[in-house]
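Reviewing the structure listed below.
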Amino acid sequence: MQLSDKYPIVTLSGPRQSGKSTLLRNSFPQYTYLSLEDLDIREYASVDPRGFLATYSNHVIIDEVQRVPSLLSYLQTHVDKAGETGMFMLAGSQNFQLMESVNQSLAGRTAVLKLLPFSHKELQGANLLPSGVNAEIFTGGYPRIYDKDIAPVDYYPYYLQTYVERDVRQLRNIGDLGKFVRFVKLCAGRMGQLVNFSSLSNECGVSVATASSWFSVLEASYICYLLRPDWNNFSKRLVKTPKLYFYDTGLACSLLGVNSAEQVNSHFLRGALFENMVINEFVKEGWHRGIEPDLRFWRDSQGNEVDLLVYEGDTPRAYEVKSSATFSVDFFKGLSKWAALTGVTEDRLNVIYGGETNLNTSKGQLLSWSQYDYKAL
C-alpha cells in the first residue's frame, strides 16, 4: 500500500470475500471505516454527498463504493481541493461498475489494485496449506474458509447463492436466474478450453448475445476470465479464440459437483483444474504486486499448444502445465515446436508439473508446482 503516499485515493477491487476490507482495515487502522452496504451510510452518501465528505473528509476507507457511483465525482473535487495523498481507500467487488465510475471521475487521482483469494505462497507463509495438490485445488483460496475453518462444501454453494442474488441482479437484469446458474456450471465444464459462446448458448437455451453478456457479468465480478491467444506475429494457422478459466478452483469444483479432495483425483477435469490453479498463481503474483501481467497461450491448427506465455518485454517465457507427478519427455513436445517457430532458447522453456522434484533437462526446466515462485514479471 505504498501507493497511498503517491495518490490521494487508492482503489482496491476484487471478488466478494477476497479479503479487501480486512486488508485495508489492518493496513490503515487509523482510518475511519465505512461500508455503503449500510443503508443509512449509503443514503447519506447518495442524498448529501457534500455533507458526507465534509463529515468524512480525510483518512477514510469506503467499502462497496460501487453502490453509490455518483459519490466519485464529488470525491474528485474534494481531493483536488485538498491536494493531499492517502486521503481515501476505496474498495469494491464489481469490477465493471466500479472501474467505469473510477475511469470517468478519478482518472489520474487513484491507484487501482486488485486482490484475489489467497495464493499458494500466501497459504504457505501462513502455514495454512491444504494437504496436497488435490486438497488445494478443492479448497480454493477464499480467506473465510481458512479463518473460520469452513468446509468447502459448506462455503461455495452459499457463496454462489449470494453472488447470484446480489451481484448478478445489480449488474444485469437477468430474468431466469436458474438458467444463469446453469450457464455458470456449463462454463465450469469448459475450464481450460477455447470459449465457444454458440455452444454455451445452445446448451443453456439462450441466444449467443445473451451468453456473451452473461459471461461479461462473470468477468466483472471476478468469477471467470479469458486467457488471450498469442497470434499476432505468427501465421494465420494459429488459434485466435481465448480460453476460459476460473479465478478460484474451489468455486469451480463446487460448480462441477466435486465434493471432496479425493474426488478431484479421479475427476475427468483434474488436468484442467490443475492447469487453472497454476495459471491463477501467475495472475495473483502479478496483481498482488500491483502489476498487470501479460499472460497468453499459443495453439496452432494442428493442436500443438503452449499453455502459458509470460511476456517480459518482447521475449516471452513459456510454460506447459502437466498435472502428472511423473516426468515424461513428451511434456516438452509443444514447447519444442513453439521454440522452433519462434527461435526462443531452451532456457526460457518450462514445464510445471504435479511432482516435487526440479530438474534441468536438455529441452528446458522441469519445475515442481509447489516450489515455483510464479513470478509473472
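Coordinate-derived values only; no laboratory data. The shown structure was predicted, so the numbers you read here are calculated from the model rather than taken from an experiment. FYI the Cβ positions are ideal-geometry reconstructions off the backbone, even for glycines, and counts take in every protein chain you see.
Taking only Cα atoms and a 10 Å spring cutoff, compute GNM fluctuations for the chain and point out the largest among Ser212, Ser362, Ser323.
Looking only at Ser212, Ser362, Ser323, the biggest GNM fluctuation is shown by Ser362.
Any chance you could give the angle, 0 to 90 degrees and rounded to 10, that helix 177-189 forms with the longest Cα principal axis of the chain?
Value to nearest ten degrees: 40.
Treat the count of other C-beta atoms within 10 Å as a stand-in for reagent exposure and order Ile174, Ile352 from fewest to most.
Fewest-to-most ranking of Ile174, Ile352: Ile174, Ile352.
Given Cβ point charges of +1 (Lys, Arg) and -1 (Asp, Glu) and nothing else, what value in debye, to the nearest 20, does the dipole of segment 135-245 about its Cα centre take?
520 debye
Taking DSSP loops as anything outside H, G, I, E and B, show the longest stretch in the chain free of GluC sites (Glu not before Pro) there with at most 16 other beta carbons within 10 Å. All intermediate terms of the calculation are to be shown ahead of the outcome.
Values: sites that count: Glu37, Glu84, Glu356.
Longest site-free region, per DSSP loop and neighbour criteria: 85-355.
Placing +1 at every Lys and Arg Cβ and -1 at every Asp and Glu Cβ, with all other atoms neutral, what dipole size does the chain have around its Cα centre, in debye to the nearest 20? The partial results should precede the final answer.
Working: 37 positive and 40 negative charges, 155 e Å.
Value, rounded to 20: 740 debye.
Suppose the chain between Asn58 and Gln263 were pulled fully straight at 0.36 nm per residue; how much longer would it get relative to their current alpha carbon spacing?
Working: separation 205, 0.36 × 205 = 73.80 nm, distance 5.07 nm.
Additional length available on full extension: 68.7 nm.
When Lys and Arg each count +1 and Asp and Glu each count -1, what net charge do the other residues less than 14 Å away from Val195, Cβ to Cβ, add up to? Show your work: numbers first, answer last.
Numbers: positive: Arg190, Arg228, Lys240, Lys243, Arg299; negative: Glu203, Glu219.
Here the count lands on +3.
Using 20 Å as the cut-off for backbone N distance, which residues of segment 286-303 belong to the label zone defined by a point 7 Å from the Cα of Lys240 along Cα→Cβ?
Counting backbone N atoms under 20 Å from the label point, the list is 295-303.
Tabulate in residue order the Karplus-calculated ³J(HN,Hα) for segment 309-325, using 6.51 cos²θ - 1.76 cosθ + 1.60 with θ = phi - 60°, rounded to whole Hz; enter x for Gly and Pro.
Ordered by residue, 3J(HN,Hα) equals 10, 10, 7, 10, x, 8, 10, x, 9, 9, 9, 9, 10, 10, 6, 5, 8 Hz.
Taking the alpha-carbon centroid of each part, what is the distance from segment 135-202 to segment 275-328 in angstrom?
Here the two parts' Cα centres lie 23 Å apart.
What length, rounded to one decimal in nm, is gained on full extension from Ser368 through to Asp330, with 0.36 nm per residue of separation minus their alpha-carbon distance?
Working: separation 38, 0.36 × 38 = 13.68 nm, distance 1.65 nm.
Extending this stretch completely gives an extra 12.0 nm.
GNM on the chain, C-alpha springs below 10 Å: top fluctuator among Pro29, Pro49, Pro130?
Most flexible of the set in this elastic network: Pro29.
Full-extension gain between Glu37 and Tyr311, please, as 0.36 nm times their residue separation minus the C-alpha to C-alpha distance. Numbers along the way, then the final one.
Details: separation 274, 0.36 × 274 = 98.64 nm, distance 3.93 nm.
Answer, rounded to one decimal: 94.7 nm.
Between the helical axis of 333-342 and the dominant principal axis of the chain, each derived from Cα atoms, what acute angle in degrees is found, rounded to the nearest 10?
Relative to the chain, helix 333-342 is tipped by roughly 80 degrees.
List the trypsin sites (Lys or Arg not before Pro) within segment 1-108 that fall in a DSSP loop (any state other than H, G, I, E or B) and whose Cβ has at most 11 other Cβ atoms within 10 Å. Present the calculation step by step, with values, prior to reporting the outcome.
Values: sites: Lys6, Arg16, Lys20, Arg25, Arg42, Arg50, Arg67, Lys81; in loops: Lys6, Arg16.
The qualifying sites are Lys6.
Could you tell me how many degrees, from 0 to 90 and to the nearest 10, lie between the Cα long axis of helix 95-105 and the main elongation axis, the longest principal axis, of the Cα atoms of the chain?
50 degrees
Return the subset of Lys20/Lys81; Lys243/Lys363; Lys121/Lys375; Lys243/Lys322; Lys114/Lys240 for which the Cα-Cα distance in this structure is over 19 Å, preserving the input order.
On the way: Lys20/Lys81 28 Å; Lys243/Lys363 26 Å; Lys121/Lys375 11 Å; Lys243/Lys322 17 Å; Lys114/Lys240 27 Å.
Violating the 19 Å Cα-Cα cut-off are Lys20/Lys81; Lys243/Lys363; Lys114/Lys240.
If R0 is 56 Å, what FRET efficiency do you get for Lys337 and Thr77 from their C-beta distance, rounded to 0.05?
Computed FRET efficiency for Lys337 and Thr77 comes out at 0.50.
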